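Below is one structure, written out as structure tokens, with a few remarks after it.
No lab work stands behind these numbers, since they all come straight from the coordinates. Nothing here was measured: the structure is a model prediction, and the numbers come from that model. We place every Cβ from the backbone using ideal geometry, glycine too, and count neighbours over all the protein chains shown.
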């Protein structure tokens with residue numbers, strides 16, 4: 001297997017359809033941002049040794065992001081039909097995120113104040129993943145993604161990342177500390 005092809009040396013890359021686009025195309029920027037979010041979810045999964053159920057969920061989310069990247073790079077102009085859960089995000093995937101959020105919210109008490117990231121390494125990585133997913137959502141809304149279902153998926157995924165980060169923080173100590181006056 002050869003890792004380098006040299007085809008991208010001219011500043012272009014291929015979509016799934018075979019169409020060549022500039023590497024600064026909005027779809028490529030979105031795919032790169034989703035890829036970044038996927039990498040941070042992978043880092044969180046690597047940190048989640050003490051939480052096997054969380055690690056399994058994070059692995060599922062990483063696979064879902066492959067589907068989302070396939071959808072972005074296939075596009076509506078493709079001659080191929082989208083395949084649910086292979087090259088297209090479906091409403092059931094959004095529903096699954098909502099169910100995961102609801103399960104975690106029912107299991108513990110969450111802070112009502114803004115969260116300050118960094119209570120521990122795992123929660124901090126989940127917060128970074130959340131912010132990258134939010135950036136992907138902004139790029140999707142700006143026109144790089146036509147599917148409202150996929151945009152909803154990104155919105156719920158960032159919510160889930162927030163909930164997961166809070167759930168592994170423990171007692172949310174940062175949020176409970178009294179503010180100190182600045183000197």
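Computed quantities for the displayed model
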quantity	calculated
Value at 222 nm in deg cm²/dmol, rounded to 500, when DSSP H runs of n ≥ 4 in the chain each add -39,500 (n - 2.57)	-19500 deg cm²/dmol
Region 18-171 - percent relative contact order, Cα under 8 Å, separation 6 or more	30 percent
Point-to-point label distance, residue 9-residue 138, nm (Cα→Cβ direction, 7 Å offset)	3.6 nm
Separation of the residue 81 and residue 53 label points, Cα + 7 Å toward Cβ, nm	3.9 nm
Relative packing of 10-23, 55-68, which averages over residues the other C-beta atoms within 10 Å, highest first	55-68, 10-23
Acute angle (nearest 10 degrees) that the helix 26-47 long axis makes with the longest principal axis of the chain, alpha-carbon atoms	40 degrees
For peptides 116-122, 160-166, sequence by mean Cβ density within 10 Å, most packed first	160-166, 116-122
Relative contact order %, region 13-107, counting alpha carbon pairs below 8 Å whose residues are six or more apart	26 percent
For peptides 86-93, 124-131, sequence by mean Cβ density within 10 Å, most packed first	124-131, 86-93
